[in-house]
Structures are given as C-alpha cells and as structure tokens.
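Q: Can you read through this structure? Questions will come right after.
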Amino acid sequence: MNALLSAEWLKLRSVRSTYALVAVAASAVLLAALLTWPAVVAWDRQPPEVRARWQGIPIEQYLVFVPQLCMGVLGVLAVSSEYATGLIRPTLVAVPGRIGVLAAKAAVVGAAGLVTGEAAVFGTFAVSRALIGDRPFPNHTSPLPEELPLLLCLGLSVAVFAVVGLALGAATRSTAAGVVCVVAVLFVIPVIVSYLPGPWNVRVGAVMLPDLPTQLVGAVFDTGITTGPWARVAFLPPGWAWAVLAAYVVAPLAAAAVLLRRRDA
Amino acid sequence: MIEIRDLVKRYGRTTAVDRLSFTVRPGRVTGFLGPNGAGKSTTMRVVLGLDAPTSGEALVDGRRYASIRGPLHHVGALLDASAVHPGRSGYDHLRALGRTNGIGPRRVAGLLEEVGLAGAARKRVKEFSLGMRQRLGIAAALLGDPAVLMLDEPVNGLDPEGVRWIRGLLRSLAAEGRTVLLSSHLMSEMELTADHLVIIDGGRLVADSPMRDLVPDGGSLEDVYLRLTARGPAREAAR
C-alpha cells in the first residue's frame, strides 16, 4: 500500500494541472480580501440604522466553493487523465489490484484536498477578519476559538469534494463528464433543491454536500438567504450530518470500485 | 511462457477473439500477426488482466495475470506508446510505474540510458517524438527485468537506427531465455526479428509455426501472410 501511495503521490505532484488547481483554490484568500475591502469601506460610510439591517454570509463560507470546485476537479483529473491518455492500462498492468489503485488515489487526493481546503479556509478567515478589525460586522465577530470547529469542517468538506470528484471521474472515465458531475453536486442540484416547495427544500437541502459543514457543528446563521447557491439549511443534528458526510465518501467510492472491477480497462 | 486456451472475448455482439489457443514459448521471438481487428490487441489485454475473457483463459507462467504479485518483475508490456500523461516527464512516468513494484530510481535512470533517453528524460512527454515515446514505452516494459515481454507495434515511429536497436534488443532478450511476443504489421521487420509466428484472423488461429516452415527459401513473409489472411475465395483457394 505504501508503494501505491507514493506512486500516486508522485503522479499528482508531477503534473502542472495540480499546481494550477491548488493556486486557484488558494486564490480564495485574495478574493476574500477583494470582497471584504469594499464592504469595510461601505460599512464605515453607513449610518447606524443601515448598519443595523446589514447582513452578511461569513466570507469563509461564501468562498469555500472555490477550493471545493478546484479540489473536486483535481479528484476527477487524477483518474480521468489516465483514461484520456490510456495511461490507465500501464497503471493497471503494474497493479492488477484495481481497488488498491482507487484507494491510493482517494487517499492522495483526499489529503491534498484537506491541506488545500484548510489552508484556503483559514486564509480567507484570517484575511477578512484582519480587514474587518473590530467593526461589529454581523456573522464576522466571533473569535477564532469559537469558529475553529466550523472552519475545520469547511476545510474537511474540500477533501470530501476531492474524493467525490475522484469517484465521479472513475465512474464516468471522462474529464468533461466528471467535472460536470462535480459542478452538479456543488451548485446545480443544491440550487434546484433550494427552490423545492417547503418543507422539502429544507429536508432535501440538508443532505446537500455544501450544506453539511454548518450542520456538522450545529452552526446556524440568519443571513436571510433561502434560495440559490448560498442558501444554507440547518435541519440535521450533527450526528446525522456526520453520517451523511461519511456516506458522501463511501457511497461514490464503492460505486466507482464496483465499476472499476467489472469493466474492461 | 504465455498460454492462451480456448479464449473467447465478445464485446456485445462482436466476437473479437473466437476459441483461440496457442502457446508462446521462451527462448525465441514469437511474431504475432493479423489484420487490423484480428484480435491481437484484445488477446494481449486479456493476458494482462485488463479485459476479462468471455470464456477460456490466458496464463502467464501457468498463472492468471491478476494473481501475480509485483507483476512488472515477471511481465513487461508495451501496448500503446502514447499512453503517457503528456504533462509528466519521462523520468517521473517511469518512476511512478516503478514505485508500485518496488523499482527504484537507479534502475529507472539506467534504463533511460539504455533506451537512449537519458538526455530527454526530464522533458515533458508532450515534447517527445513518436520514436522517443516508443523508447519510453520499451523502457517501461523492461522496468522489472521481466522474463516475459509483450510488445504491440514497438517499431512504429522509430528511426532506422532505432529499428535496428530494437531488433537486436528483442533478439538478445529471447537469446537470454525470455519469452518475447511481438506484434507488428511490418512484414519485412518481422521476417528479420521473429523465429516463430502466430497468425490470427477474425479472432481465430490461422497459423502457428516456425518462420522457416512457414516461409520457404526465397519466399517472402508478406506473400505468405497475405495468402493466409485473404478473405473469401482467395483464402479457400490457398487452403
């Protein structure tokens, strides 16, 4: 297993696409600065009655889709690039145990996703709080120790996206199809679900992958947003949210493993 | 040794390989011939455990490929020289393959020297010519110093010096007692390299015999091959 892990790690770090995706994921920190700065300037100009009506999604939640998307695509590419080039055959000739190959890839992209995700989330948090200073921005005032569990869970969700992307790439054997599926899981399906008639918008929305980090730690924010990509529902108790998150790792990987074993390479 | 026994492989309604049986023995170069779509590549993929046979079996040294641990130390294969990530360097490509079978960077560096890629190995493969990719694919096949080699069209894209090099390489590997299965459409090259021929057509065995028995003195392999694989009346007449 060690040999497989080190081989997959070498593959991941020996292509430029990996560095490009990590760089774009890290650009969330820059985006956080670019979005927070004008908000801070605007805040300072507003009279108290306007500030009282001010609402804001915590910036690290608002921007976590950037690393989620990038690492989801990284997961897709880790396997779809092998199908696109035909490299999958030499890979499986060297390692006939296909499940081992999938597991090693999952571990490697999951680890890359976790490190990148945590770095991007903590970076966006740090940069936005530094700019906001001691201004009483709604949802942006709690200190780091209080936010820590949620920030860690947001970073973790990035790793889960990487693994889901890998499974989708392995199942579709196509970069285009895999990326479309990642975008569907990240944006398209959650947005459609948010427009379902109640209570189904909340019940189904609760199991959408982007909605899980806040539910994992029982965090609730009143942002007034109930539809669209930044609507967040709070429905599942943390225990159930963790179970659903685990299912997002296990179910797609298991499906990909079955397909990988059954199909001719 | 490679043994193909009653191998059948169907893709949907298409039968790619139809009750094929033959044995590839060590110590000689066995040429694997057949028209496009005859089932050569399918047979090789089944041997390597990439495709599952519909029925029958393919064994390497008496074992199914999937049951071999560290398979690169037993079997080396070149199926498609373009099966490399274009953005990865040749060196990293070989190192990643080698690591899965416990093959270290020294062996990789030595092989790159042997196949004449030492100078280009740090370049990304997208900058490689077809001939360089063939050399990289041959290096990948030789990684684990295997006793069984299967090469699908390794000569394509090589320059005359490269063609002569691979001919000598395959002949010396066979002389060392290894099993070498070589597929190619280049009849003149096959005539110079192979000792034994397996010819298939439409997924079935057409010929399995030593080169000297198949090709009479003064005759050409090309004539024999075209007669054996001709469709319809010509083939019936040839029988």
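Q: Kindly write out, for segment A:175-192 in residue order, the coupling ³J(HN,Hα) from the Karplus curve 6.51 cos²θ - 1.76 cosθ + 1.60 (θ = phi - 60°), rounded to whole Hz, with x marking Gly and Pro.
A: Using θ = phi - 60°, the values come out as 4, 4, 5, x, 5, 4, 5, 4, 5, 5, 5, 7, 10, 4, 5, x, 5, 4 Hz.
Q: Quick check: from the Cα gyration tensor, does segment A:2-262 come out rounded (a/c under 1.5), prolate or oblate?
A: Working: a/c = 2.44, a/b = 1.76, b/c = 1.39.
Here segment A:2-262 falls in the prolate category.
Q: Give me the accessible area per residue for chain A, probe 1.4 Å, as a whole number in Å².
A: Values: 11410 Å² over 265 residues.
Averaged over the residues of chain A, the accessible area is 43 Å².
Q: Could you state the principal axis extents of the C-alpha atoms in the protein assembly as shown, from the largest down, to the nearest angstrom?
A: 104, 49, 35
Q: Additional query: Where only protein heavy atoms count, and the probe is 1.4 Å, what is the accessible area per residue for segment B:2-208 in Å²?
A: Values: 8110 Å² over 207 residues.
On a per-residue basis, segment B:2-208 sits at 39 Å².
Q: From other protein chains only, count the Cβ atoms within 10 Å of every residue's Cβ in A:8-17, then give the mean.
A: Values: counts 3, 2, 9, 8, 1, 1, 10, 7, 3, 2.
The shielding value for this peptide is 5.
Q: On to the next question. Ignoring ligands, DNA and RNA, how much accessible area is buried between chains B and A, both sides summed, with a 1.4 Å probe, to the nearest 100 Å²?
A: Numbers: alone 11460 and 12600 Å², together 21780 Å².
Buried area between the two chains comes out at roughly 2300 Å².
Q: Right, something else. What lysines could a cross-link reach from B:LYS126, if we take a straight Cα to Cα line under 28 Å and drop same-chain neighbours fewer than 8 places away?
A: List returned: A:LYS11, A:LYS105, B:LYS40.
Q: Within 14 Å, Cβ to Cβ, of B:LYS126, how many net charges do the neighbouring residues add up to if Lys/Arg are +1 and Asp/Glu are -1? Mind showing how you got there, number by number?
A: Details: positive: A:ARG16, B:ARG88, B:ARG122, B:LYS123, B:ARG124, B:ARG133; negative: B:ASP92, B:GLU127.
Result for the local shell: +4.
Q: Still on this structure: Rounded, prolate or oblate: pick one for chain B, where a ≥ b ≥ c are the square roots of the eigenvalues of its C-alpha gyration tensor, a/c under 1.5 means rounded, and failing that, prolate if a/b is larger than b/c, else oblate. All intermediate terms of the calculation are to be shown ahead of the outcome.
A: Working: a/c = 1.84, a/b = 1.45, b/c = 1.27.
It comes out prolate by the Cα gyration axes.
Q: A drop of at least 30 square angstrom in accessible area, chain alone versus all protein chains together, probe 1.4 Å. Which residues of segment B:80-113 meet that?
A: B:ALA83, B:HIS85, B:ARG88, B:ASP92, B:ALA96, B:LEU97, B:ARG99, B:THR100
Q: Please give the residues from segment A:82-109 for which the solvent-accessible area of heavy atoms, probe 1.4 Å, is smaller by at least 50 Å² with all protein chains in place than with the chain isolated.
A: A:THR85, A:LEU87, A:ARG89, A:VAL93, A:ALA94, A:PRO96
Q: Related question: Could you check how much of the accessible area of segment B:2-208 is carbon and sulfur, as a whole percent, using a 1.4 Å probe? Write out the running numbers ahead of the final one.
A: Details: 3780 of 8110 Å².
With neighbouring chains kept in place, the figure for segment B:2-208 is 47 percent.
Q: Can you work out ³J(HN,Hα) from phi for every residue in segment A:233-246, in order, using Karplus 6.51 cos²θ - 1.76 cosθ + 1.60 and θ = phi - 60°, giving whole Hz and x for Gly and Pro?
A: For segment A:233-246, the Karplus curve yields 9, 10, 10, 7, x, x, x, 5, 4, 5, 5, 5, 4, 4 Hz.
Q: With the full set of protein chains in place, find how many percent of the accessible area of chain A is carbon and sulfur; take the probe as 1.4 Å. Present the calculation step by step, with values, prior to reporting the outcome.
A: Working: 8030 of 11410 Å².
Carbon with sulfur: 70 percent of the solvent-accessible area.
Q: Counting each DSSP H run of 4 or more residues in the protein assembly as shown as -39500 (n - 2.57), what helix-only mean residue ellipticity at 222 nm follows after dividing by all residues, to the nearest 500 deg cm²/dmol? Walk me through the numbers before you get to the answer.
A: Details: 22 runs with 278 residues, N = 504.
The per-residue figure over the protein assembly as shown is -17500 deg cm²/dmol.
Q: Can you give the net charge of the other residues whose Cβ lies under 14 Å from the Cβ of A:LEU12, counting K and R as +1 and D and E as -1? Let's see the in-between values first.
A: Working: positive: A:LYS11, A:ARG13, A:ARG16, A:LYS105, B:ARG88, B:ARG95, B:ARG99; negative: A:GLU8, A:GLU82, B:ASP92.
For residues surrounding A:LEU12, the net value is +4.
The values are calculated or read from the model by the stated rules, or taken from the named source; none is laboratory data. These numbers were taken from a predicted model, which means no experiment stands behind them. Counting neighbours? That spans all protein chains shown, and the Cβs are built from the backbone with ideal geometry, glycine included. For the accessible areas, the whole protein counts, side chains as well, though only heavy atoms, and no ligand, DNA or RNA atoms are used. Shrake-Rupley method; radii C 1.70, N 1.55, O 1.52, S 1.80 Å.
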